[in-house]
1. What's the number of the only condition in (1) modelled with pLDDT of 90 or more; (2) farther than 27 Å from K77 by Cα that L184 fails to meet?
2. Show the residue pairs meeting these rules: Cβ distance below 7 Å; 6+ apart or different chains; first residue within region 198-223 and modelled with pLDDT of 80 or more and among the basic types (K, R); second residue in a loop (DSSP other than H, G, I, E, B) and exposed (fewer than 13 other Cβ atoms within 10 Å of the Cβ).
3. Is there a residue in region 193-202 that is part of a loop (DSSP other than H, G, I, E, B) and farther than 20 Å from L104 by Cα?
4. How many of the residues in region 119-164 are in a helix (DSSP H, G or I), out of contact with any Asp or Glu (no Cβ under 8 Å at 6 or more places or on another chain) and either at pLDDT below 75 or of a type in the set (G, A, S) (or both)?
5. What number of residues within region 96-106 are in a helix (DSSP H, G or I) and more than 12 Å from G36 (Cβ to Cβ)?
6. Could you list, in sequence order, the residues of region 1-44 that are in a helix (DSSP H, G or I), aliphatic (A, V, I, L, M) and over 24 Å from T92 (Cβ atoms)?
7. Please verify whether V109 is in a helix (DSSP H, G or I), under 20 Å from L164 (Cβ atoms), in contact with a Gly (Cβ under 6 Å, 6 or more places away or on another chain) and at pLDDT 90 or above, treating the condition exactly as stated.
Amino acid sequence: MKSKLFIEAIVKFLAGVVLIGTLIFLPAGSLHFSNGWLLMAILFIPMFIAGIILIAKNPSLLQKRLQAKEQEGEQRKVVALSGLLFIASFITSGLNWRYGWSTLPEWCVWTAVGLFLASYLLYAEVLRENTYLSRTIEVQEGQRVIDKGLYGIVRHPMYSATILLFLSMPLVLGSLPSFVLMLLYIPIIAKRIRNEEEVLTQGLEGYKEYTERVRYRLLPFIW
């Protein structure tokens, strides 16, 4: 079981490296795009380490995270829009470097690196607190409402972390146009959250009461 899961995880990991690298460096027209290598390092090195830890400590959670086929029609649209947005953002970053449309100061890039890594730690804490996390919207057998830790502050801390991760990536790449483009991820993820809450309210016992106790979805006192 673990060997099969390891092979699946490695194949998807390497496919991700090739895909993201192609989307960044091909539009840049050069492998000398240093910000591209910086993003690849902070994105894939922690991801590789996290994958090894999950294989050893919680392979079932890793299996859920590798499952990407949505059953909900509404969610398939959201995933497709998100994918197109990421492709456009990475391509724009490469073109931005190639043609010098905009530049960001070094302090901004390294601040974004710090924010990205902090968001990764936040994401890891979410995975630790909620072993039911899947990449698809579903109610799992035996699932219960998690309302402690970060889930006692906001209802969707994973999405809070991913928003910070995704908004920091264009800044790491030094691309202001890509950052503006990536802001579209916020309404896309808001749409996903609303649909997810409908599914959970209907199928997960106690979730409606949880939403009444924890009022904010992503950011305390705002939304």
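1. (2)
2. R217/W223
3. no
4. Within region 119-164, residues that are in a helix (DSSP H, G or I), out of contact with any Asp or Glu (no Cβ under 8 Å at 6 or more places or on another chain) and either at pLDDT below 75 or of a type in the set (G, A, S) (or both) number 5.
5. 2
6. L5, I7, A9, I10, V11, L14 - these are the residues of region 1-44 that are in a helix (DSSP H, G or I), aliphatic (A, V, I, L, M) and over 24 Å from T92 (Cβ atoms).
7. Answer is yes for this residue.
Every residue, every condition in (1) surrounded by fewer than 16 Cβ atoms within 10 Å (Cβ to Cβ); (2) at pLDDT 85 or above; (3) within 28 Å of L173 (Cβ to Cβ); (4) within 16 Å of the chain's Cα centre (by Cα), yes or no:
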{"residue": "I7", "(1), (2), (3), (4)": "yes, no, no, no"}
{"residue": "G16", "(1), (2), (3), (4)": "yes, yes, yes, yes"}
{"residue": "A28", "(1), (2), (3), (4)": "no, yes, yes, no"}
{"residue": "L38", "(1), (2), (3), (4)": "no, yes, yes, no"}
{"residue": "N58", "(1), (2), (3), (4)": "yes, no, no, no"}
{"residue": "L61", "(1), (2), (3), (4)": "no, no, no, yes"}
{"residue": "V79", "(1), (2), (3), (4)": "no, no, yes, yes"}
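The values are calculated or read from the model by the stated rules, or taken from the named source; none is laboratory data. Predicted model, so just to flag it, every value in this text is computed and none were measured. We place every Cβ from the backbone using ideal geometry, glycine too, and count neighbours over all the protein chains shown.
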